[in-house]
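Below: one structure, written as structure tokens.
Read-outs throughout are calculated quantities, based only on the coordinates presented, and are distinct from any laboratory measurement. Because the structure is predicted, anything quoted here is derived from the model rather than measured. All Cβ positions, glycine included, derive from the backbone under ideal geometry; neighbour counts span all protein chains shown.
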Amino acid sequence: MKELDLLKKDWQKNVNSFEQVSESEIYKMIHKRSSSIVKWIFIISIIEFVLLNSLSFLFPDEQMSKSGVIDAFIDVLDYLSYGVALFFMYLFYKNYRSISVTSNTKKLMECIINTRKTVKYYIAYNLSLILFISLLLVFYRVQHSPIWTSADTPKIIFTCLISVFLILVLLVFVWLFYQLIYGILLKKLNRNYVELKKIDL
Amino acid sequence: MSDNLEHSFVKQLQENQNIIHKICRLYTNGDDAHKDLFQEITIQLWKAFPKFRGDSKFSTWAYRVALNTAITLYRKTKRSINTIEFEGRHHFLNDVEYDYEEEEQLKLMYKAVYQLNDIEKALIFMYLEDKDYQEISETLGISEVNARVKMNRIKGKLKKILNPLGI
């Protein structure tokens with residue numbers, strides 16, 4: 001392709017057409033903060049871990065104090081979820097450390113996607129846990145409220161359905177918001193990863 | 001020690017900065033975006049520098065980090081290409097004898113290259129830099145055969161952009 005040869009010739013000839021950056025400018029640059037997506041993923045993930053873990057402290061305890069069984073069950077879940085959180089954080093840290101800008105492009109992209117997936121699974125796990133506990137609470141509350149003893153079945157079902165619906169709406173909203181953040185953050189990376197993978201198909 | 005490291009890095013980068021400028025030229029449009037990407041690549045190079053062993057040339061090592069930063073780590077996406085900006089920014093005819101036809105062809109060619117996607121640009125960039133297919137495949141993490149196939153497809157794509165009717 002003769003146009004490409006022409007371009008190559010021109011490309012290699014025009015090395016000196018760039019405005020040169022001085023050494024003192026480079027010194028300044030290396031002390032500035034990076035704005036790379038890896039840094040953003042790191043910051044957002046840490047915020048997510050902290051937020052989700054502090055969420056359990058926000059759940060009011062008093063409403064369950066009457067039931068020993070559910071109380072004990074939620075206690076167990078609590079301890080379990082600390083273990084799970086630690087496990088996810090370990091995975092996240094391991095994946096994060098494996099991100100190296102000197103690996104080949106495909107490997108780098110895979111490492112970033114994996115790091116991000118760890119947090120995604122953590123979020124999914126937490127949202128399902130919240131859903132599960134909320135459902136438990138809804139039924140517990142309904143069972144202990146006056147409408148239960150009134151034996152008004154349609155009313156009971158209606159109350160349950162409305163509560164479940166509201167919880168679901170809330171969780172879907174949280175999930176969508178979450179997807180949006182990462183969608184914006186990783187749009188370019190995902191596009192390029194698909195493109196790169198297509199070459200090797 | 002760290003001062004020495006810093007000094008050695010700055011010196012080598014200063015000498016090899018055209019590699020980064022070329023990548024910035026390919027992946028951004030406009031001076032601000034160029035400077036922004038240049039800075040991000042510099043930061044990434046500096047962060048990775050302690051692991052640079054010197055068993056490859058600084059420039060070879062810098063190619064990889066710079067390309068990875070432009071394709072993967074750099075968040076801001078490019079806006080559509082502004083022709084006026086494009087023509088004002090490139091002075092590729094400064095020291096060439098005036099050949100109108102060649103100039104036109106070059107302009108079109110640069111414009112066509114800008115229309116490629118990020119991965120295709122990476123391949124074209126390494127081709128323009130006279131890298132062999134082994135290095136291209138190692139840098140991108142694709143097989144050598146597929147790198148060749150892709151390169152041929154890109155040439156086809158460029159041809160099509162230059163001459164959409166195929167005349």
Placed amide H near A:T102: partners under 5 Å, 5+ positions off or other chain: none
Electrostatic dipole magnitude of chain A [Cβ: Lys, Arg +1; Asp, Glu -1; Cα centre; debye, to 20]: 900 debye
Peptide B:142-152 - average C-beta neighbours from other chains (10 Å radius): 2
Segment B:1-78: proportion of alpha-carbon pairs further apart than 15 angstrom, %: 52 percent
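Specify, per residue and in Å³, the volume enclosed by the convex hull of the alpha carbon atoms belonging to segment A:153-193.
Hull volume over Cα atoms, normalised by residue count, gives 49 Å³.
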Shielding by partners - mean other protein chain Cβ count within 10 Å, residues of A:104-114: 4
Size of charge dipole - the protein assembly as shown - debye, nearest 20, with Cβ of Lys, Arg +1 and Asp, Glu -1, no other charges: 780 debye
Local electrostatic count at B:P164 - Lys and Arg +1, Asp and Glu -1, tallied over other residues with Cβ under 15 Å: +3
Mean residue ellipticity (222 nm) of chain A, computed from DSSP H runs ≥ 4 via -39,500 (n - 2.57), nearest 500: -28500 deg cm²/dmol
Positive-end residue of B:I41, B:A147, B:Y27, charge dipole of chain B with Cβ unit charges: B:A147
Sum of -39500 (n - 2.57) over DSSP H runs of 4+, divided by residues of chain B (222 nm, nearest 500): -21500 deg cm²/dmol
Compactness of chain A - radius of gyration and Dmax, Cα, Å: 26.1, 89
Most positive-pole-ward Cα, A:S81, B:P50, A:Y27, against dipole of the protein assembly as shown from beta carbon charges: A:S81
Ratio of Rg to Rh over the protein assembly as shown (Cα coordinates, Kirkwood Rh, two decimals): 1.13
Binned Cα-Cα distances of segment A:105-201, short to long, each 5 Å bin given as a whole percent: 2, 11, 16, 15, 11, 10, 9, 7, 6, 5, 4, 3, 1, 0
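Which FRET efficiency value, to the nearest 0.05, do you get for A:D200 and A:S35 by plugging their Cβ-Cβ distance into 1/(1 + (r/R0)^6) with R0 = 22 Å?
Numbers: r = 30 Å, r/R0 = 1.37.
It comes to 0.15.
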Per-bin percent of Cα-Cα distances, chain B [10 Å]: 9, 34, 35, 18, 4, 1, 0
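Given the peptides B:2-14, A:38-50, B:20-32, arrange them by the average over their residues of other C-beta atoms within 10 Å, most packed first.
Top to bottom by mean Cβ count within 10 Å: B:20-32, A:38-50, B:2-14.
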Exercise: per-residue mean of other protein chain Cβ atoms within 10 Å, B:29-38: 1
